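Since the structure comes first, as structure tokens, the remarks are kept for the end.
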Number of protein chains: 4
Amino acid sequence: MSGKRIGVGLIGTGFMGRAHTLGFSIAQRSFTLPFELDLAVIADATLPAAEAARRNFGFRKATDDWKSLLTDPEIDVIDITTPNLLHREMALAAIAHGKHVYCEKPLAPTVDECAELVAATEKAGVITQVGFNYLKNPLLSLAKDLIDSGEIGRVTSVRGIHAEDFMADPTVPFGWRLDPLSGGGALADIGSHIIASFRHLVGPISSVLAETVTLVKERPVARGASEMRPVEIDDITRAFVRFESGATGSFEANWCATGRKMQHDFEIYGTKGAIVFSQERMNEIRLFRAGEDIRTRGFTTIWAGPEHPPYGAFCVAAGHHLGFNELKAIEAHEFLNAIATGKRPATDFREGYEVQKVVSACYASARSSSWITIA
Amino acid sequence: MSGKRIGVGLIGTGFMGRAHTLGFSIAQRSFTLPFELDLAVIADATLPAAEAARRNFGFRKATDDWKSLLTDPEIDVIDITTPNLLHREMALAAIAHGKHVYCEKPLAPTVDECAELVAATEKAGVITQVGFNYLKNPLLSLAKDLIDSGEIGRVTSVRGIHAEDFMADPTVPFGWRLDPLSGGGALADIGSHIIASFRHLVGPISSVLAETVTLVKERPVARGASEMRPVEIDDITRAFVRFESGATGSFEANWCATGRKMQHDFEIYGTKGAIVFSQERMNEIRLFRAGEDIRTRGFTTIWAGPEHPPYGAFCVAAGHHLGFNELKAIEAHEFLNAIATGKRPATDFREGYEVQKVVSACYASARSSSWITIA
Amino acid sequence: MSGKRIGVGLIGTGFMGRAHTLGFSIAQRSFTLPFELDLAVIADATLPAAEAARRNFGFRKATDDWKSLLTDPEIDVIDITTPNLLHREMALAAIAHGKHVYCEKPLAPTVDECAELVAATEKAGVITQVGFNYLKNPLLSLAKDLIDSGEIGRVTSVRGIHAEDFMADPTVPFGWRLDPLSGGGALADIGSHIIASFRHLVGPISSVLAETVTLVKERPVARGASEMRPVEIDDITRAFVRFESGATGSFEANWCATGRKMQHDFEIYGTKGAIVFSQERMNEIRLFRAGEDIRTRGFTTIWAGPEHPPYGAFCVAAGHHLGFNELKAIEAHEFLNAIATGKRPATDFREGYEVQKVVSACYASARSSSWITIA
Amino acid sequence: MSGKRIGVGLIGTGFMGRAHTLGFSIAQRSFTLPFELDLAVIADATLPAAEAARRNFGFRKATDDWKSLLTDPEIDVIDITTPNLLHREMALAAIAHGKHVYCEKPLAPTVDECAELVAATEKAGVITQVGFNYLKNPLLSLAKDLIDSGEIGRVTSVRGIHAEDFMADPTVPFGWRLDPLSGGGALADIGSHIIASFRHLVGPISSVLAETVTLVKERPVARGASEMRPVEIDDITRAFVRFESGATGSFEANWCATGRKMQHDFEIYGTKGAIVFSQERMNEIRLFRAGEDIRTRGFTTIWAGPEHPPYGAFCVAAGHHLGFNELKAIEAHEFLNAIATGKRPATDFREGYEVQKVVSACYASARSSSWITIA
């Protein structure tokens, strides 16, 4: 790191490349960052693509050689938003060169590979962050505070889902999301988010019993192609989960849920209350408290506002709504703070590894139709 | 049956006794019944209780001897709303005396006992009805029509819950709901409703994988008592289900879901659409159709109205709301029509038996942690 | 009145005739009524219609001569559910014969005629009830209790609407609802309900400033007819209102609100809280309390349950939903209790008169485009 | 303008200063802007404040002399986010120096002053933009398209509200929002937003009948002060409106609506459908179409997605949610495009003037209790 300045090298210029750029840019203008942020270099597979993104996203330099970032003294952070298959190699290289790493999930398709990444990270003493953006919602922080302070009592049961419908159409062609080598499958791709929410709010998961379903058994090899390729991964995974705390629950990951765009929903029941959330309405959360006057008790819908930090960094007035890009800004801010303080963020590579252990346990459970204990 | 008149003997004067009486009374004034309905005799454990209910509910006679109904020539229908433990004996006796039987669920705690009831019923040629009242909602009939006519395509996945919170408080004493002998347990008691909804809308269930949880391990033997009795049944049951149609899904039964009063909710996803329902808002249902203009598609909230029979029998104007008691009226009406036509209603004892098979399979699955096939 | 028995003579067998019958029947089986209820005689314009309704609704006798009820010693209560134009004459005759009167709104098209009815009633000492059924919702009683006990502070502002869409289609023919002689117009017909809700919850209205709109200027004289008749009454009325308490507000009555079935909605803001209600979800109400912890405050959705009397009379379990017909049962019960105790019910003819004064003031205000004070 | 580069000078570093900065920054990274954007100079009352904001917001230079921007050749756009009282003077000066102007609403407290601004603008040939951010919601563009294409038929009636509660507490001290000289009052401050939405979607307003209410008659001169200052402006304004199209409607502006944070809500009814929107859930809109099958029709909840431009610029996946800051980005983008093409944006100073005419007409109407025609 060069004094109070921090240099970022971003790899990937697609959906997540833009989202990370917006995250950094919004964070820069909303928080007092611990560093002077330098969006230094952006890398993509071709120079024209990288150059176009450089201009659009506001980076200083463009390159078609991501490896050049590794030895660039102006780069402190390598930010990986490439297709899943490339995450592991890039992250390992970045760590090996002493760079801090911000990486979209999943880190790698297997638990062992994730463990390798964690070991490398911890050996190198670098700070990492994984893109579990939904956890950064100020209302989830509120939920966590309420649960941790006993507001809903001891958590007894949990129910969650992460459902979208972008794979419901059987003419959607085979792609990296469907490739087991890139960690494909609805559970690995989107179900990891609901596992992360469960862990964030209710704590470690000790065992799972799961089933997987492949709804679309084969897909065209390319859009409109007549040649078909068999699909081996899950369109739906359902799991029962047991938490170390004694709580139990279930979740579903489903990317063929016709009509759903972002159903990242959960219900958490405790002995004294309950919390219900839907990402479809991410600026509100519902809280039930059993202790209140029976005539007037019910679920209270709480709108996000400055009383739910760091909402106020983006907008001083309640009810104005944060969006997805602010979640990325909070994620980026947390990462930069972690680098400044040397304290690992809650969703670093170790957390990515812990989530991957649950993902893998679910797949193992589905193969054996038996409860799998998570070490 | 005595000409066009039909005589009803009701056993039980509690919550469900009143609900059945309201059901019959509302049905009588809303439909053109196939019979002149005679609310003839009401039976309870003591004569004062029976007599009080007689006056309140509008029956002609009261008795403390339910067996007297069996041989009463004025009685064509025996309606059983007593505690679960008594259902089987009363129903068998009624059938043996050639009476039609309307009985609250569950029929009996074991599959064999339910099978015995079905066999007796079919041998005697009497008509039966079980209290799966939620299925009688005109909006569930709409949902069934839409699914059966292919409006949402082939059903791919289902998610359901029946959650309430009346057992969440650990000081609620041990009672018949907790006694395995009376078919106790959250699954048997309330989960059977969501199984019934699944079967009604998506068809027969072929196998299950379930787990059960006992949250409150012991309860006072009576309200306020210091002596405790261990609880052996489930407070929560979760199950994965596979349907004969190939659809898969999951459900939960939970009577400790703090804050929930009547969360009988389901989501049904098909290849071309989806249907979402919550009993918490029983006068509305949501429909998604994938084929529509992408700019304006979404879940359409449909309010119950006369266009959803038999809503119009109760109210000619849309949006005025039916309540729980109208569901009972529809149930009673369907039962009387079945008697008149000799055609079994959809929710007769055989359906009660089929639901019980799923309940029992879930309990067996939870004990063995393995998939159980339903014969 | 004949001892503890009370005899009812019902005039009219349509939508409201059935609703009143259901109301009485449900009340009878849900409450401990102060009388033995005798549904004695039902009257309609023709004997076959009356006789058919007698059988269906469960009355003892049928007649085509409503005047025969006036002198029938078995009749204590005359219940008027005929077209609006007939209300006044029938009610006056009933009162003159010392009968208690239950009458659908509006009592009469003019304030003077309503005053005449009130005077006759009070002179005769009979008990009356008007069909402001929405006020009977247990959740509106909760709202009233909360407001009266200061839970939301001093009421500062109110916003209400009663919108449906049954007149939106311009081919709906001219009928009694459109005839000024029968008190026609959206305000008189449905707007009176929101005025009643305002008065019930916030108190007397002291002045209004209103406008009326006729959207469909002429309608066919009969369904499908080519001959058209000009429409002189309002399809929409909007009004600003000032309450005696100092609160101010507004409401709209609109029977051409495409898509609305029963939008009887209001928002009541006070210095310390707010209450929001929609008849579209009549089993829930929302309460905001400013005093609570800022992090967790919001609108609490309260589901109707036994803790909101008299919900428990119909169903011992929360969340099971009351419907429109239970509102009528509560209305009937309140009326019978009033007869037994001699205490006027909250929605007697005097209340009908007070509401009519507001209706008339709105029409006068719209003609003059000026504030009208209500005496 | 200096070639393809455009230089921005921002005056004001508070809530709106940050929001504009975020708007520009997000726009820069989400759209292909017609200019290379140069966030050149930021001005505030003191140099330390300006310098702190410069660092935080990412501007190149800071100044405490806003007038220096007027003659700065690097500045093409002056962006005014100062207290209302200063808008007019600054905008006039900017226009006089040939700068394009982006200004928060209101432009000026009187119609004449707004007219003066429009005249100056049009004489100078500069492009202007006013901060009617809510109109920039992609779902409002969808609503406008649906209305303009006749999807809901001819608009018959409209109902709107803009309510918040930031002035409900009577201890909130007197400030510029309450000063008539700075255009104070709930109508001018927040009601202008709902007027803008009405104009955007339903067209010009031809006349109004309004009333104003001052709930809190005096406020402390400063926070915690015992000295009180009388309040002369409106806490609530309600208005009936008539549109040039023949549609009629009403709206309310209320900044004492306890519990409301951002209730910018409207319902638009047409002869063939309806549209309902609430800013409290700004990522969804509801559409009713009368022509559909009666059994399945209802309000369809449409979630924002890439099919609603320019949502896709910020996020390629539906359901991820835009927030307030993206509305500002769309506003900024539209402004820059207007400068590039020379075509006035929909919400330029002329639109601000038109809105102010409605605001002023409402205040005049409230004083005279009569309909006021808008020239």
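The values are calculated or read from the model by the stated rules, or taken from the named source; none is laboratory data. For clarity, every value in this text was computed on a predicted model and none was experimentally measured. FYI the Cβ positions are ideal-geometry reconstructions off the backbone, even for glycines, and counts take in every protein chain you see.
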Discussion item. Looking only at segment D:154-198, filter to residues that are within 10 Å of chain C (Cβ to nearest Cβ) and among the charged types (D, E, K, R); which one of those is farthest from C:Val155 (Cα to Cα)?
Written reply: D:Arg154
Practice prompt. For segment B:247-297, enumerate the residues that are away from chain C (no Cβ under 14 Å), outside any strand (DSSP E or B) and of a type in the set (Gly, Ala, Ser).
Written response: B:Ala247, B:Ala290, B:Gly291
Worksheet entry | Out of A:Glu334, A:Glu307, A:Glu326, sole residue that is within 7 Å of another protein chain (Cβ to nearest Cβ), in a helix (DSSP H, G or I) and under 30 Å from A:Arg29 (Cα atoms) | A:Glu326
Worksheet item: How many residues does segment C:340-365 hold that are more than 17 Å from the chain's Cα centre (by Cα) and either outside the structural domain of C:Leu140 (by TED's automatic domain parsing) or of a type in the set (Asp, Glu) (or both)?
Response: 0
Worksheet item: Residues of segment A:16-53 being free of Cβ contacts under 8 Å to residues at least 24 places away in the same chain and within 25 Å of the chain's Cα centre (by Cα), which ones?
Response: A:Gln28, A:Arg29, A:Thr32, A:Ala45
Worksheet entry | Extreme residue, surrounded by the most Cβ atoms within 10 Å (Cβ to Cβ), among residues of segment A:166-195 that are out of contact with any helix residue (DSSP H, G or I) (no Cβ under 8 Å at 6 or more places or on another chain) and either of a type in the set (D, E, K, R) or more than 14 Å from A:Arg223 (Cβ to Cβ) (or both) | A:Ala186
Worksheet item: Would you say A:Ser157 is surrounded by 24 or more Cβ atoms within 10 Å (Cβ to Cβ), in the same structural domain as A:Phe349 (by TED's automatic domain parsing) and of a type outside the set (Val, Ile, Thr)?
Response: yes
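Residue-wise test of (1) more than 17 Å from B:Gln356 (Cβ to Cβ); (2) hydrophobic (A, V, I, L, M, F, W, C); (3) in a helix (DSSP H, G or I).
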position	(1), (2), (3)
B:Ile78	yes, yes, no
B:Val101	no, yes, no
B:Ala108	no, yes, no
B:Asp112	no, no, yes
B:Ser141	yes, no, yes
Worksheet item: When segment D:93-151 is examined, which residues are found to be assigned by TED's automatic domain parsing to the domain that holds D:Gly273 and among the acidic types (Asp, Glu)?
Response: D:Asp145, D:Asp148, D:Glu151
Fill in: Residue list for segment A:291-318, restricted to those being in contact (Cβ under 8 Å) with a residue 24 or more places away in the chain and either surrounded by 17 or more Cβ atoms within 10 Å (Cβ to Cβ) or closer than 24 Å to A:Lys261 by Cα (or both)
A:Phe299, A:Ile302, A:Ala304, A:His308, A:Pro310, A:Tyr311, A:Ala313, A:Phe314
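Residues are listed down the side, and each one gets a yes or a no for (1) hydrophobic (A, V, I, L, M, F, W, C); (2) under 16 Å from the mean Cα position of the chain (by Cα); (3) over 21 Å from C:Ile285 (Cβ atoms):
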{"position": "A:Met282", "(1), (2), (3)": "yes, yes, yes"}
{"position": "A:Ile285", "(1), (2), (3)": "yes, no, no"}
{"position": "A:Gly291", "(1), (2), (3)": "no, no, no"}
{"position": "A:Arg295", "(1), (2), (3)": "no, no, no"}
{"position": "A:Phe299", "(1), (2), (3)": "yes, no, no"}
{"position": "A:Ala317", "(1), (2), (3)": "yes, no, yes"}
{"position": "A:Ala332", "(1), (2), (3)": "yes, yes, yes"}
{"position": "A:Ala338", "(1), (2), (3)": "yes, no, yes"}
Response to the item:
Those residues of segment A:337-360 that are surrounded by 24 or more Cβ atoms within 10 Å (Cβ to Cβ) and in a helix (DSSP H, G or I) come to a total of 6
Worksheet item: Any idea how many residues of segment A:188-224 are touching a Pro at 6+ places or on another chain (Cβ under 9 Å), under 21 Å from B:Val241 (Cα atoms) and touching a residue at least 24 places away in the same chain (Cβ under 8 Å)?
Response: 2
Practice prompt. Find all pairs meeting these conditions: Cβ atoms under 7 angstrom apart; at least six residues apart or on different chains; first residue within segment A:134-158 and under 18 Å from A:Ala290 (Cβ atoms); second residue part of a helix (DSSP H, G or I).
Written response: A:Ala143/A:Leu201; A:Ile147/A:Leu201; A:Ile152/A:Leu146; A:Val155/A:Ile147; A:Val155/A:Val202; A:Val158/A:Phe198; A:Val158/A:Val202
Worksheet entry | Condition met for D:Leu209 (within 11 Å of another protein chain (Cβ to nearest Cβ) and in a loop (DSSP other than H, G, I, E, B)) | no
Fill in: Considering residues of segment D:231-246 that are more than 9 Å from chain C (Cβ to nearest Cβ), closer than 20 Å to C:Ser157 by Cα and not aliphatic (A, V, I, L, M) only, the residue surrounded by the fewest Cβ atoms within 10 Å (Cβ to Cβ)
D:Glu232
Worksheet item: Which of the residues belonging to segment D:310-323 are closer than 24 Å to A:Gly312 by Cβ and outside any loop (DSSP other than H, G, I, E, B)?
Response: D:Phe314
Discussion item. I'd like to know if segment C:58-76 contains one or more residues that are within 17 Å of C:Pro345 (Cα to Cα), touching a residue at least 40 places away in the same chain (Cβ under 8 Å) and among the hydrophobic types (A, V, I, L, M, F, W, C).
Written reply: no
Practice prompt. Report the residue count in segment B:225-245 for those that are assigned to a loop (DSSP other than H, G, I, E, B) and in contact (Cβ under 8 Å) with a residue 12 or more places away in the chain.
Written response: 8
Practice prompt. Only residues that are in a helix (DSSP H, G or I) and either buried (at least 24 other Cβ atoms within 10 Å of the Cβ) or among the aromatic types (Phe, Trp, Tyr) (or both): list them for segment A:122-135, please.
Written response: A:Asn133, A:Tyr134
